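Colleague: Just passing along the structure, written as structure tokens.
Quick note: the coordinates plus some simple rules give every number you see, no bench work behind them. If you're wondering where the values come from, they're calculated on a predicted model, not measured in any experiment. For neighbour counting, all protein chains shown are included, and Cβ atoms are generated from backbone atoms with ideal geometry for every residue, glycine included.
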Amino acid sequence: MAAEDEEYVYDEATGEWRPASELAAETARVVRDSAGNALADGDSVVLVKDLKVKGAGQTLKQGTVIRSIRLTDSDEEIDCRHDTIRGLVLRTEFVRKR
């Protein structure tokens, strides 16, 4: 049974009032790299293949380390910064957690 002081949230999908902790557990998402490792903000990743960067006229080589990634709204993309390329967005299928 739920605690007396627990907060409840209206779930529009089911039309019911549900405990906030229960709803948060369902919406928690995990972003995974190409090897299935969970990624988090601030992690470092390594490229698993050569990638041509559109608009930069440059290729990032396999083994390149990308530091301080940021997760985006999409589970398949991460936002990151490279020494020569700003505003770089990579797909998680091309990176492995370091």
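Colleague: At a 10 Å Cβ-Cβ cut-off, how would you order E12, E77, fewest neighbours first?
Modeller: E12, E77
Colleague: If we sort 62-70, 48-56 on the protection proxy, mean other Cβ atoms within 10 Å, highest first, what's the order?
Modeller: Ranked from most to least packed, the peptides come out as 62-70, 48-56.
Colleague: Okay, moving on. For n ≥ 4 DSSP H runs only, could you compute -39500 (n - 2.57) per run for the chain, divide by its residues and tell me the 222 nm figure to the nearest 500?
Modeller: -2000 deg cm²/dmol
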